[in-house]
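Note sheet for the following structure.
The values are calculated or read from the model by the stated rules, or taken from the named source; none is laboratory data. Every value quoted in this text rests on a predicted model; they were computed, and no experiment measured them. Every residue, glycine among them, receives a Cβ derived from its backbone with ideal geometry; neighbour counts consider all protein chains shown.
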Amino acid sequence: MDQRDLRYNCHDCGVLEGQLHEWECPEEPCPFCGQPREVVICECRRKYIDPAVMRTLDSLILEDDEGYDEVSGKVSEMWKEICEKKGRFPFVWYPRVCARCGEVWPYTFYDPEWNQYIAPDHRRDILCFDCYLVIKTSAVYERCLGQDMDKEQAEAMAVQRFNETVKTDSAINDHIKERRAEWESIAGSQTKPTLPDHGQGT
């Protein structure tokens, strides 16, 4: 079998591994700073595009002006040309892996308190929900002991924060599911390329 037959597709723009993303695909990394996603709106644009043009774009956003789309389109084309001269990265499908336990394609979650428990140099790492809950609840427990609570009180507080985190994540995922259903009803038959079956993950 030709190894090229085993290539995956980008789940947003549909290109095969080794090909460039369709321009403005949210999965394309920035060729300047390496930001892993959203090259089209990366802050690097402000370093390489005429500041006057960017100020015009900013003012149109603030004023909700009808001319925004036209200027935004021109900025996008300018940025594309700059990125192509630098050298855009071809698409490669990298599996998501928990940095703590190694689980592949862990459950995707969101917690607004993430920055309180994850050190700055690891905030862009991926953690599975189970590992994150261990880190968070252990930190809560130890902090409570440091505040002169007894072990029983500290455990109760840790359990409370555990339940709150799970509840918050569940509410956010319910909202995402509702929005996804709404999008699918609007999109109709215009479906995005489907992902290969990588196992667990969203």
Handout entry: Residue in region 136-157 that is loosely packed, with under 15 Cβ neighbours inside 10 Å, of a type in the set (Gly, Ala, Ser) and under 25 Å from Glu27 (Cβ atoms) present
Key = no
Practice task
Please work out which one of (1) within 27 Å of Trp93 (Cβ to Cβ); (2) at pLDDT 90 or above; (3) in a helix (DSSP H, G or I) is the condition Val134 fails and give its number.
Solution key: (1)
Fill in the blank from the handout: Of the residues in region 14-40, those that are touching a Pro at 6+ places or on another chain (Cβ under 9 Å), in a loop (DSSP other than H, G, I, E, B) and at pLDDT below 90 come to Glu27, Gln35, Pro36, Arg37, Glu38
